[in-house]
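Readers should treat all values here as calculations from the given coordinates under stated rules, not as data from a laboratory. From a predicted model like this one, the values you see are computed outputs, not experimental measurements. In this analysis, Cβ positions are derived from the backbone assuming ideal geometry, glycine residues included, and neighbour counts consider all displayed protein chains.
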Amino acid sequence: MLDYTLVKKAEELHGHICPFLILGLRASEIAMQRLGVRKAGVEETIGEEILAIIECNNCFADGVQVATGCTLGNNSLVYLDVGKNAVTLVRRGEWKGVRVYVDSEKIRERYFGREARELFEKVVVRREGSREDSERLHKMWSEIGLSMMNISEEVFKVEEVMVSEIERAPIFESVKCEVCGELTMKTRTRTVNGKTVCLGCLGECEAVVGRGIVPNFKIPLKRK
Ligand SMILES: [Zn+2]
Ligand SMILES: [Zn+2]
């Protein structure tokens, strides 16, 4: 049973309430209960003691971050770019985890009415919706999301998994880029003609964008 204050916190972070945000909260809650842990607090986040492993960067991922307290910034969130709505929660040291997966097709069939599905096709997939269509869709999404607050555990696939040990975030030495003069993690610099140059100046790096992790992403910042 999701707490409404948790839903409000998730809305604050995510910007709106939608089905997969709620499913991320609910999947996390199930994983936390199974594992016998609470939301990561001071100790857990400093030591990266509890890890949440997600498999997609979408609404679901924000639900996971709010519910578990494992975030991108505290290095307790591990992002596997495999494109599934699933979260694995694991306690460092034990490495016995609980993975919770949700079948989005099943969800759509059971919880999205015909109108919501058609609107979704029009507004999101074909990008053809009017402003009213998109407002109506968001209202419906929010309602459908809220109706899933107590969605039964049977909808999810819950399994125990062994997790291979994951390293803690290392502290890397910083060095100065000899082109822009900015401090940069040493591992993110290259030596070009004997000079230390950052990836920013070289113009390419790996990036997380909407479609996932992209190698050799052209850095889009243009300086004056
Ligand atoms: Zn969303
Ligand atoms: Zn530079």
Additional length obtainable on full extension of the chain from Ser147 to Arg108, 0.36 nm per residue less Cα span
12.7 nm
Could you grab the Rg to Rh ratio for the stretch 10-60? Cα atoms only, Kirkwood for Rh.
0.99
Using a/c under 1.5 as the rounded threshold, could you call the stretch 82-170 rounded, prolate or oblate? The axes a ≥ b ≥ c are square roots of the C-alpha gyration tensor eigenvalues, and prolate needs a/b larger than b/c, oblate otherwise.
prolate
Across the chain, what fraction of all alpha-carbon pairs, as a whole percent, falls in each successive 5 Å bin from zero upward?
1, 6, 12, 15, 16, 14, 11, 10, 8, 5, 2, 1, 0
What number, in percent, do you get for the relative contact order of the stretch 1-134 if the mean sequence gap of Cα pairs under 8 Å and at least 6 apart is divided by its residue count?
23 percent
What is the gain in length, in nm to one decimal, between Ile219 and Ser130 on full extension, counting 0.36 nm per residue of separation less the C-alpha to C-alpha distance?
28.8 nm
Take the residue pairs Lys39/Lys139; Lys8/Lys218; Lys195/Lys218; Lys139/Lys218; Lys39/Lys186 and return only those whose Cα atoms are more than 27 Å apart.
Lys39/Lys139; Lys8/Lys218; Lys139/Lys218; Lys39/Lys186
Three-way shape label, the stretch 95-224, alpha-carbon gyration tensor, a/c 1.5:
oblate
Under a GNM of the chain (C-alpha, springs under 10 Å), which listed residue has the highest mean-square fluctuation: Val161, Val125, Val66?
Val125
Would you mind calculating the gained length between Glu115 and Lys186 on full extension (0.36 nm times residue separation, minus the Cα-Cα distance), in nm to one decimal?
20.3 nm
How far apart, in nm, are two points set 7 Å out from the Cα along the Cα-to-Cβ line at Gln33 and at Leu202?
4.8 nm
Residue ranges of DSSP H helices in the chain that stretch 18 Å or more (Cα, own long axis) and have mean Kyte-Doolittle hydropathy of at least 0.5 are 19-35
